[in-house]
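Written out below as C-alpha cells is the structure these notes cover.
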Amino acid sequence: MAIRFLFHGTVKDGQEDAFRDLAERSTALVRDEPGHTEHEWLLSDDGRFVTADTFADDAAVANHMDRVRAAGLIDDYMSAVDMESFQVFGPVSQSLRETFSGMGPVYYTLVSRR
C-alpha cells in the first residue's frame, strides 16, 4: 500500500511569493524521485495551503527526506508557513515515525477499501 502525506496550514503574511517559489523548487527537485508518485501544492484564496505527496514505500519516503533536507527545503518551508496538521496515510516504519516525531503527525491505518 502506498504512503500519503498531507500537510495543512497557512502561508505567513508576506510569504506567498516565497511559498510559490518553494513549490516550484520542490517540484523540480522531486520530479524524478524513484517511488515518489504524486507531489502537489495547493493554495486557497485566503492563504491556506495543502501539500500532498504519495510514495510507493518507506524507501521512497526516506530518499525524499534526504533530498529535501540536503536542498534546504524543509527550513525554507517552515519559514514560509504556519503548519496546522500533518497527516500520514498508510504503513510507515518505526524509523520514519521517529524521524517525524517532532512534527506531530497523525497516522491513519487503512480499515477498509473497495
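FYI, it's all coordinate maths here, none of it is from the lab. This is a predicted model, so every value here is computed, not measured. In this analysis, Cβ positions are derived from the backbone assuming ideal geometry, glycine residues included, and neighbour counts consider all displayed protein chains.
Overview of results
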quantity	calculated
Mean separation of Cα contacts under 8 Å, 6 or more apart, over the residue count of the stretch 32-98: relative contact order %	27
Kirkwood hydrodynamic radius of the chain, Cα pairs, Å	14.6
Loop-located trypsin sites (Lys or Arg not before Pro) in the stretch 1-59, at most 13 other Cβ atoms within 10 Å (DSSP)	Arg31
Cα-based shape type of the stretch 42-107, given that a ≥ b ≥ c are square roots of the gyration tensor eigenvalues and the cut on a/c is 1.5	prolate
Theoretical gain in end-to-end length, Val106 to Arg4 [0.36 nm per residue, Cα-Cα removed]	35.5 nm
Segment Asp13-Asp32, extension gain: residue separation times 0.36 nm, minus the distance between their alpha carbons	3.6 nm
Additional length obtainable on full extension of the chain from Ala70 to Arg114, 0.36 nm per residue less Cα span	12.0 nm
Within-12-Å neighbourhood charge of Ala56 [Cβ basis; K, R +1; D, E -1]	-4
